Amino acid sequence: MDVTRAFAELRAAEYGRLDEHGHVYLDYTGGGLYAASQLRRHHAELESNVFGNPHSNNPTSQAMTDRVEHARRYVLDYFNASPDDYLVIFTPNASGALRQVGEAYPFAAGSRYLLTFDNHNSVNGIREFARSAGAVTTYLPLRCGELRLDRAVVSAELAQPAPGVGNLFAFPAQSNFSGVQHPLDLIAEAQASGWDVLLDAAAYVPTNRLDLSRWQPDLVTLSFYKMFGYPTGIGALLMRKPMAARMRRPWFAGGTIQIASVQGDGFYRAPGEAAFEDGTVDYLGLPAVEYGLRHLEGVGIEAVHAHVAVLTRRTLDGLQALRHGNGQPLVRLHGPASDEARGGTVAFNLLDPEGHCYDIRRVEELAGEERISLRTGCFCNPGAGEATYGLTAEQIGSFFHLAEGMSFDDLRAQVQQSFGIEIGAIRASVGIASNAADVDRFVAFVTGFVDRPAGGVGAAAARDTCRAVARDSA
Ligand SMILES: Cc1ncc(COP(=O)(O)O)c(C=O)c1O
């Protein structure tokens, strides 16, 4: 069967609710969509079994323990990771996995934490753990335009780990801002110089195969809902066993120990994954992870990748062809215009005939009126934003000394007022259930801005801080 027809049938069979409700969903980088059959399979399993809290000896607990361990093995197999090499630690989400890394990585005085400008805030946040241990954080800049790394700069930094202490290098396999896929051969290069490598794969694995027999980062983080929509609330930290032996958890909790004593003031850690899984895992949700992975395997992750690449090309071509009557482009792209080493995330701004930026929140609002789900803001990736808008450390640093803090929309207004720079982008991302009609409806929507002055489109209604912050949280 030809691929286009296969994906059309998949959409009708598994994601028909999109068309039933007339939705154009273009926020796959925010969250994937689940196939209807994933829910059916999961619910059927729950309906026909009696499952108790795992890790006890009673039959309902044993049944659940077996199921959880089966899901764990399934994750290992899916990523082609050997159980001799990797642990699969279940976490609440990618951020939970990243917090575990920050907390337990053996940062010491003089250690280095090296990371790319292009990173989610949950990777940026590890710098606070690094700082309290006396480690030095260094950011690797992005080249303007395509927002890729400068390999020579990266290699020069990787050649200089601090001697005798832990050195951690972190980068995303795919940017959640620009869609750029950073080169995975950086992993081996860094390791050869003595770095431990943290690969944030959250935005990469929904549409790419991550083969851990080929690429062997010490730490990999992801959220399953980004891969296949359901369940939310489960992520994973894949950790190489030698790395696990060096991690230093700052506390113990139920589930992470073999025994602890009140009067004896001591504890013994549990072996393996358990040492990192605090309290009770989302045990009823875990079988759904397996159904989600089976679903991706059934469709074929390579087929998903190819499908998404075609739709990304269509999106880029559609947007880039748009011109105002005076010949000026409507779309300013942030990231690569080519197909090479990029995923299905497209970030951009819309500029009017005079080069003024349309209010991103208003664009999102107008899209929403047409049932088109886009995302606007900085996508929790401030470094990529600072790089693409050309903000300097002095400019942005001046806003980080306020006792009362500020929201992203406040920052946008202040940066605009102080430096005349519009920050904040619009992001459209395609995925497994997208089709050409979605892209065409989206491009038709954007076409509606041709020859409209930015002021005529207006600004979005003021929002309270909480809402603005929440909108930037993924
Ligand atoms: C690249 C990347 N890393 C980490 C995260 C954090 O994921 P979560 O919010 O599921 O913890 C995201 C979420 O958008 C992401 O895109």
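Here, each number is a calculation from the coordinates, and none is a lab measurement. What you are looking at is a predicted structure, and each value in this text was computed from that prediction instead of being measured. A quick note on method: Cβ atoms are made from the backbone with ideal geometry, for glycine too, and the neighbour counts reach across all protein chains shown.
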Step through the residues of the stretch 392-400 one at a time and calculate ³J(HN,Hα) from phi using the Karplus curve (6.51 cos²θ - 1.76 cosθ + 1.60, θ = phi - 60°), rounding each to whole Hz and writing x for Gly and Pro. 8, 4, 5, 4, 6, x, 5, 9, 10
Dimensionless Rg ratio for the stretch 104-234, taking C-alpha atoms and the 2.2 N^0.38 Å reference: 1.04
How long are the semi-axes of the ellipsoid equivalent to the stretch 35-190, from square roots of 5 times the Cα gyration tensor eigenvalues, in whole Å, largest first? 38, 20, 14
Per-residue HN-Hα couplings for the stretch 74-91, Karplus 6.51 cos²θ - 1.76 cosθ + 1.60 at θ = phi - 60°, whole Hz, x for Gly and Pro? 4, 5, 4, 4, 4, 8, 6, 9, 7, x, 6, 9, 10, 9, 10, 9, 7, 10
For the chain, what relative contact order do you get, as a whole percent, if you take Cα pairs closer than 8 Å and at least 6 residues apart? 21 percent
In degrees rounded to 10, the 0-90 angle between helix 408-419 Cα long axis and the longest Cα principal axis of the chain is 50 degrees
Excluding Ala104 itself, what net charge comes from residues whose Cβ is under 10 Å from its Cβ, given Lys and Arg +1 and Asp and Glu -1? +3
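Once fully extended, how much extra length lies between Arg313 and Asp185, figured as 0.36 nm per residue of separation less the alpha-carbon to alpha-carbon distance? Numbers along the way, then the final one.
Details: separation 128, 0.36 × 128 = 46.08 nm, distance 2.52 nm.
Working it through step by step, the gained length comes to 43.6 nm.
Using the Cα centre as the reference, give the magnitude of the dipole from point charges on the C-beta atoms of the chain (Lys, Arg: +1; Asp, Glu: -1; all else neutral), rounded to the nearest 20 debye. Please report the intermediate quantities before stating the final value.
Numbers: 41 positive and 54 negative charges, 61 e Å.
With Lys and Arg at +1 and Asp and Glu at -1, about 300 debye.
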Put +1 on the Cβ of every Lys and Arg and -1 on every Asp and Glu Cβ in the chain; which of Gly229, Phe408, Gly194 then has its Cα farthest towards the positive end of the dipole? Gly194
Taking 7 Å along the Cα-to-C-beta vector as the label spot, tell me the Ile421-His43 distance in nanometres, rounded to one decimal. 5.0 nm
Can you give me the distance in nm between label points at Ala6 and Glu354, each placed 7 Å from the Cα along the Cα-to-Cβ direction? 5.2 nm
Any chymotrypsin sites (Phe, Trp or Tyr not before Pro) in the stretch 262-334 that lie in a DSSP loop and have at most 16 other Cβ atoms within 10 Å would be none
Nearest 10 degrees, 0 to 90: helix 301-320 Cα axis against the chain principal axis: 20 degrees
Asp211 and Arg248 label points (each 7 Å along its Cα→Cβ direction) are spaced in nm at 3.8 nm
FRET efficiency, Ser261 to Glu128 (Cβ-Cβ, R0 25 Å, nearest 0.05): 0.20
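Taking Rh as the Kirkwood radius computed over C-alpha pairs, what is the Stokes-Einstein D of the chain at 37 °C in a medium of viscosity 0.692 mPa s, expressed in µm² per second?
139 µm²/s
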Which one, Pro271, Leu293, Thr207, projects farthest toward the positive side of the charge dipole computed for the stretch 187-317 from Cβ point charges (K/R +1, D/E -1)? Thr207
I need the semi-axes of the equivalent ellipsoid of the stretch 293-360: take the C-alpha gyration tensor, multiply each eigenvalue by 5, square-root it, list largest first in whole angstrom. 32, 11, 9
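Taking 0.36 nm per residue of separation and subtracting the Cα-Cα distance, what length does fully extending Asp282 through Gln62 add?
Details: separation 220, 0.36 × 220 = 79.20 nm, distance 1.54 nm.
Contour length minus Cα-Cα distance gives 77.7 nm.
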